[in-house]
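Novice: Please see the structure below; I have some questions.
Readers should treat all values here as calculations from the given coordinates under stated rules, not as data from a laboratory. All values reported here derive from a predicted model rather than from experimental measurement. As a convention, Cβ positions derive from the backbone with ideal geometry for all residues, glycine included, and neighbour counts pool all protein chains shown.
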Amino acid sequence: MDLLSNREIAIIFWLIVLIGFLYRKNAFESASSILSSSANIFLSPQILVPFFLMVLYFCSMIFALWEMGVWESNYLKNTLFWFFFVGLSTLFRMNKIADQKNYFSDALKVNVKIIFFIEIVINFYGLPLYMEFIFVPVTALLGAMLAMAEGDEKNKAAVSFILYLMGFMGLLVTAYAFYQLIFDTGEFFSAATLADVILPIALSTLFLPFVFVLRLYIRYQRAFIGLKTTISKTWLRWYAKTLAMLFFRFDVDLLDRWKNSVIRCDTKSIKELHFSLFGMKKLAKYEMNPDRVNFAVGWSPYEAKDFLVSDGLKTGYYTDLGNDEWFASSNLVELEGGIMPNNIAYYIDGNSHAAKCLKLCLNMNEPTSASSAHNELAWLARRLYKEAVGSELPEEYEKAVIAGDTKFGDIKSRNIEVSREEWPSGNGYSLRFEVSTEK
């Protein structure tokens, strides 16, 4: 393969132009201060230690591949590109990756699908050099504009336009690549190209164990930070950390649930610590095969929490708040744009055995859009009632939700309530729909 592709030559050229521009504009002083602050962040132990561990692991990977005879020095450029644009990018996104449940399966799919298409087909057949000199700064400018515009609802139209424009440019580049592929299949399907395909996939796959261990470390570190406020005795806190690693091992979601339960109480003895750990393991096992709940008593909380999943209202775990009070809630789902958009959430209250109250709450931050928000709540109320009771919501309750009125009643041993609460600020209100067991 060539030392540098047309695209890489164009990137280097425009970087030199940018540096020259900054020099002429005396911008190096401000740029150096930014670099200085960035260097201080990078040199912190929280980043520097994982970075050196990553470098060590990466070098070990390359050495192992070299020893097996599958890595050669002419792969150095692609290897370095992978390190800086994939490896480091992954490292700096670890806090986000740590919260992604399906990261590893998704990463494997991306490796096979995206790397072959983007890194090989498009990059193998780069544009002519004069076109790359245009393509590189335009895409960089669009990428910068997209980064600045995203996250603000006022820029939604601009974001859509930029994405369409970038998609169109990508389509043109892809079409050119496939045009070249049709007339140059011999060069593409060669041993060198096959190596270019396999190398980034192999590196990304071999890198996953390091990501897995680092993700595990981050999740445990987060959980253990919370123990400082609830387990005051140092020796007991260290004992708790050791037992937690033995109990939960790779189940970091259950670890977080245990940490959250411990935070709500002041653990002072080994007995209390053992009770919390064994109790969490017992609860996780019970949730896999919970008891059926008689309709007269309430609902199974593990069924009720998923009543509105298809509508985007998925609750978290059914959690013990103490005194046999249990609770689960969804995230607040925004209904439309704006500085303070209206939002809606789904809540479940009950005890350890059964859910007793299912509630939808609409927070009206923008009363001017009450009509559409009330209709959305009415739709969800119909869906919840159908799931909870097994029949259609009576029309008078649906009308009460749409009108924002208050209405109470009981049907099929269930209390139904539509209530409205004006906020003290006078700038909005909450509208609730509840289905609960008879009190």
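Novice: Farthest toward the dipole's positive end in region 255-351, which of 344, 318, 307, given Cβ charges of +1 (Lys, Arg) and -1 (Asp, Glu) about the Cα centre?
Specialist: Ranked along the dipole, the leading option is 318.
Novice: Right, something else. Please list the non-local residues whose amide H lies under 5 Å from the amide H of residue 298, H modeled 1.01 Å from N, same-chain partners needing a gap of 5 or more.
Specialist: none
Novice: Past the 25 Å Cα-Cα mark, which pairs from 96/241; 228/314; 101/285; 241/281; 359/407; 285/386? Kindly include the intermediate steps, with their values, before the conclusion.
Specialist: Working: 96/241 23 Å; 228/314 31 Å; 101/285 20 Å; 241/281 16 Å; 359/407 14 Å; 285/386 29 Å.
Beyond 25 Å: 228/314; 285/386.
Novice: Give me the dipole magnitude in Debye, nearest 20, for region 301-437 about the Cα centre, with unit charges on the beta carbon: positive for Lys and Arg, negative for Asp and Glu. List each step's numbers first, then the result.
Specialist: On the way: 13 positive and 22 negative charges, 37 e Å.
So the dipole magnitude of region 301-437 works out to roughly 180 debye.
Novice: Scan around residue 326 for amide H atoms under 5 Å from its own, H built in the peptide plane at 1.01 Å from N, and keep only partners 5 or more places away or cross-chain.
Specialist: Counting only residues 5 or more places away or on other chains, the set is 321, 350, 351.
Novice: Could you give each residue of region 366-383 its phi-based ³J(HN,Hα) in whole Hz, using Karplus coefficients 6.51, -1.76, 1.60 with θ = phi - 60°, and x for Gly or Pro?
Specialist: So the J values, rounded to whole Hz, are 10, x, 5, 9, 4, 4, 5, 5, 5, 5, 5, 5, 4, 4, 5, 4, 4, 5.
Novice: If you don't mind, another one. Can you list the residues, at least 5 places off or on another chain, whose amide H is less than 5 Å from the amide H of residue 411, using H built in the peptide plane?
Specialist: Excluding prolines and chain starts, which carry no amide H, the hits are 416.
Novice: With label points built 7 Å along Cα→Cβ from the Cα atoms of residue 245 and residue 411, find their separation and express it in nm.
Specialist: Between residue 245 and residue 411, the simple spin-label model gives 5.7 nm.
Novice: Could you tell me which of 250, 288, 232 has its Cα farthest along the dipole of region 229-288 towards the positive end, charges placed at Cβ (Lys, Arg +1; Asp, Glu -1), taken about the Cα centre?
Specialist: Of 250, 288, 232, it is 232.
Novice: How much FRET efficiency would the formula 1/(1 + (r/R0)^6) give for residue 291 and residue 331, where r is the Cβ-Cβ distance and R0 is 41 Å, rounded to 0.05?
Specialist: For R0 = 41 Å, the calculated efficiency reads 0.90.
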